[in-house]
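Here the structure comes first, spelled out in structure tokens, and everything after it is commentary.
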Amino acid sequence: MKYIFVTGGVVSSLGKGLTAAALGTLLENRGLRVTLQKFDPYLNLDPGTMSPYQHGEVYVLDDGAETDLDLGHYERFTSTKLTRRNNTTSGQVYQQVLDNERSGVYLGKTVQVIPHVTDEIQRRIQVLAEETRPDVLITEVGGTVGDIEGLPFLEAIREFAQEAGPGNVCFLHVTYIPFIKAAGELKTKPTQQSVAKLREIGITPHLLVCRTEHPLGKELRQKLAMFCNVPQEAVIEEKDVDHSIYEVPLMLQRERMDDLVCRILQLDVPPARMAHWQDIIRRLIAPQHRVRVGVVGKYVGLQDAYKSVYEALIHGGIANDCGVQIEQIEAEDVETGDPATLFKGLGGILVPGGFGDRGIEGKIKAAQYARERNVPYLGLCLGMQIAVIEFARNVLGLRQAHSTEFNPSTPDPVIDLQESQKGVTQVGGSMRLGSQPCRLAPGSRSRELYGSDVVNERHRHRFEFNNRYRDAFTRAGFVFAGTTPDDRLVEVIEMANHPFFVAAQFHPEFLSKPNAPHPLFRGFIAAAHQHLHARPLLAGS
Ligand code: GLN
């Protein structure tokens, strides 16, 4: 088994996760079995309790793990299926070490960062490797080299590499080459210093992946190679992409990064076959059709907060050979503004998941606009609950209908706490989480799009449709298109006599990939295009 460790230097937000995922794509397309994991140096047990402002989206796995959004990149760029073992935080490591201490595992010893914490980190690499048995395990170390909290992870991977021996481990350092405008120059010093920092710890990177806005040039590559102690071919340029993040694997392939990695790891495999990936890029760069859709949320402008939603919309576009322009609309602006102006020119409206009451009334107004004006609507989790509240208020005339999440004393709690959530006091990791089966109703739009009676989708919620209201809703033309197989929980709703109004209690965005767009997003984009251009696309509806 071979191991690749990805570290980051100089600044955060360099797209280490993306680089790791893109390398995964290339290795997979060379015929290797790949899996990826992320180490997060913070002390939270998982990112589930963090605000999207801190952390971006929380990415949910089949097994219900609430994980870092980089795991979303890993799943979108490769065929690997991840579990909670693929995301380790310092919090989890320390919790395990302290549990061990209490149960006497270290009896007689002083428990220390080295070796106890570093051993636990290495154990996690081993367990994942043994359970998943990939040809290559790529491990991304979160944070930036030089951070205090990242040190135990770096020490652990250094020790691990020592054990594994040469030819089995490749260290890849993602770094930043700033461009100083006044001097008109790219600068290598920060990279030199961050590599020096790594070497101080005992890690010498085999490859430098240089994030840059401008091409590196021969001289600069020579300089980086010399000062950072790598061969010149190991200086990989990773320029900002022009169109799409899905260009990154092709860009790295042009830089022969995967060739070099395979040589370092002594892997004799054929070149990566990327023809299908090239077709995806063609559809992204020069699509036959175009559409604009609006996402009505509360973390507008924060690119990472709805990461998987934005990606899934793009995938829906790929399925339809349709470029998707996403308009981020602040839900609070909809509360005060005129929807006809705010939603002008949009082919569809999407309301994503969320917690807390800020912007709720704006989202309800958006759902009303979509329903009444026949604008395609896709609701995700909270976006489904919003559609229910809107319908209750404006069609059933239950003017004060609400979710008990936002108004605990509403006379019409059309969305209410799940039975299984009553009495739950812990906040972290306690929602209804992960993959659950959903049975789709014959004749529904969702059934038609999925092409399957039962589907499995990922969840992350505490509240649900209140079954007391099912009959009243059905009589008024509301369609319960998906439920749990025992019919107890409503999972998908649709609107009769509407071109496309589909909303799900689950998060379909977590299962969409560029090479396997999610059916609901495919259908939504097709409907959005039809709404704008009054002619159907082939792939969608
Ligand atoms: N806040 C809602 C709930 O807990 C919706 C959650 C979500 O959108 N992920 O049920």
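Within the range 43-54, can one find any residue that is open to solvent by less than 30 Å² (accessible area, probe 1.4 Å), within 26 Å of Glu509 (Cβ to Cβ) and of a type in the set (Val, Ile, Thr)? Scanning the range 43-54 turns up no residue that is open to solvent by less than 30 Å² (accessible area, probe 1.4 Å), within 26 Å of Glu509 (Cβ to Cβ) and of a type in the set (Val, Ile, Thr). When the helices (runs of 4 or more DSSP H) confined to the range 435-541 are screened for residues that are at pLDDT below 95 and over 20 Å from the mean Cα position of the chain (by Cα), those reaching at least 3 such residues are found at 519-533. Selection of the range 489-528 for residues being within 13 Å of the ligand (Cβ to nearest atom) and closer than 12 Å to Ile314 by Cα yields only Glu509. Within the range 317-363, the set of residues being away from the ligand (no atom under 16 Å from the Cβ) and part of a loop (DSSP other than H, G, I, E, B) comprises Asn320, Asp321, Gly337, Asp338, Phe343, Lys344, Gly345, Leu346, Gly347.
Which one is modelled with the lowest pLDDT among residues in the range 6-25 that are outside any helix (DSSP H, G or I) and closer than 17 Å to Thr78 by Cα?
Here is the first cut: in the range 6-25, the residues outside any helix (DSSP H, G or I) are 6-15.
From the residues that got through so far, the ones that are closer than 17 Å to Thr78 by Cα too are 6, 15.
Numbers: Val6: 97, Gly15: 89.
Step by step, filter the range 6-25, then rank; the result is Gly15.
When the residues of the range 458-472 are filtered to those that are open to solvent by less than 30 Å² (accessible area, probe 1.4 Å) and more than 16 Å from Ala504 (Cβ to Cβ), which remaining residue is farthest from the ligand (Cβ to nearest atom)? Filtering first and then ranking leaves Tyr469. Could you grab me the full set of residues in the range 67-90 that are closer than 21 Å to Glu120 by Cβ, charged (D, E, K, R) and over 11 Å from the mean Cα position of the chain (by Cα)? Of everything in the range 67-90, those that are closer than 21 Å to Glu120 by Cβ, charged (D, E, K, R) and over 11 Å from the mean Cα position of the chain (by Cα) turn out to be Arg84, Arg85. Scanning the range 61-75 for residues that are in a loop (DSSP other than H, G, I, E, B) and over 20 Å from Ser13 (Cβ atoms) gives Leu61, Asp62, Asp63, Gly64, Ala65.
For residues in the range 364-381 being within 10 Å of Phe501 (Cβ to Cβ) and in contact (Cβ under 8 Å) with a residue 40 or more places away in the chain, which is nearest to the ligand (Cβ to nearest atom)? Walk me through it before giving the result.
First, the residues of the range 364-381 that are within 10 Å of Phe501 (Cβ to Cβ): 367, 370-371, 374-379.
Subset that is in contact (Cβ under 8 Å) with a residue 40 or more places away in the chain: 370-371, 374-379.
Working: Ala370: 18, Arg371: 19, Asn374: 25, Val375: 21, Pro376: 20, Tyr377: 15, Leu378: 13, Gly379: 10 Å.
Among those residues, the one meeting the criterion is Gly379.
Pairs are defined by a Cβ separation below 8 Å, a sequence spacing of at least 6 or placement on different chains, a first member in the range 248-261 that is modelled with pLDDT of 95 or more and among the charged types (D, E, K, R), and a second member that is assigned to a helix (DSSP H, G or I) and open to solvent by less than 50 Å² (accessible area, probe 1.4 Å); the pairs so defined are Asp258/Leu23; Asp258/Leu26; Asp258/Leu27; Asp258/Leu252. Residues in the range 95-118 that are open to solvent by 80 Å² or more (accessible area, probe 1.4 Å) and either touching a Cys at 6+ places or on another chain (Cβ under 8 Å) or not in a loop (DSSP other than H, G, I, E, B) (or both): 5 in all. Scanning the range 316-338 for residues that are open to solvent by less than 30 Å² (accessible area, probe 1.4 Å) and out of contact with any Gly (no Cβ under 9 Å at 6 or more places or on another chain) gives Ile318, Asp321.
Residue pairs whose Cβ atoms lie under 7 Å apart, separated by 6 or more positions or on different chains, with the first residue in the range 452-471 and touching a residue at least 12 places away in the same chain (Cβ under 8 Å) and the second aromatic (Phe, Trp, Tyr) and surrounded by fewer than 22 Cβ atoms within 10 Å (Cβ to Cβ), are Arg470/Phe480.
Annotation: of all residues in the range 477-488 being loosely packed, with under 14 Cβ neighbours inside 10 Å and more than 12 Å from Leu440 (Cβ to Cβ), the one that is farthest from the ligand (Cβ to nearest atom) is Gly477.
The range 177-293 holds helices (runs of 4 or more DSSP H) entirely within its bounds, and those carrying 3 or more residues that are within 21 Å of Gly146 (Cβ to Cβ) and polar (S, T, N, Q) map to 189-201. For the range 387-434, taking the residues that are on the phi > 0 side of the Ramachandran plot and within 15 Å of the ligand (Cβ to nearest atom), the one that is modelled with the lowest pLDDT is identified as Gly429.
The values are calculated or read from the model by the stated rules, or taken from the named source; none is laboratory data. Bear in mind that the values here come from a model prediction, so they are computed numbers and not experimental data. In this analysis, Cβ positions are derived from the backbone assuming ideal geometry, glycine residues included, and neighbour counts consider all displayed protein chains. Accessible surface areas use protein heavy atoms only, side chains included; no ligands, DNA or RNA. Shrake-Rupley method; radii C 1.70, N 1.55, O 1.52, S 1.80 Å.
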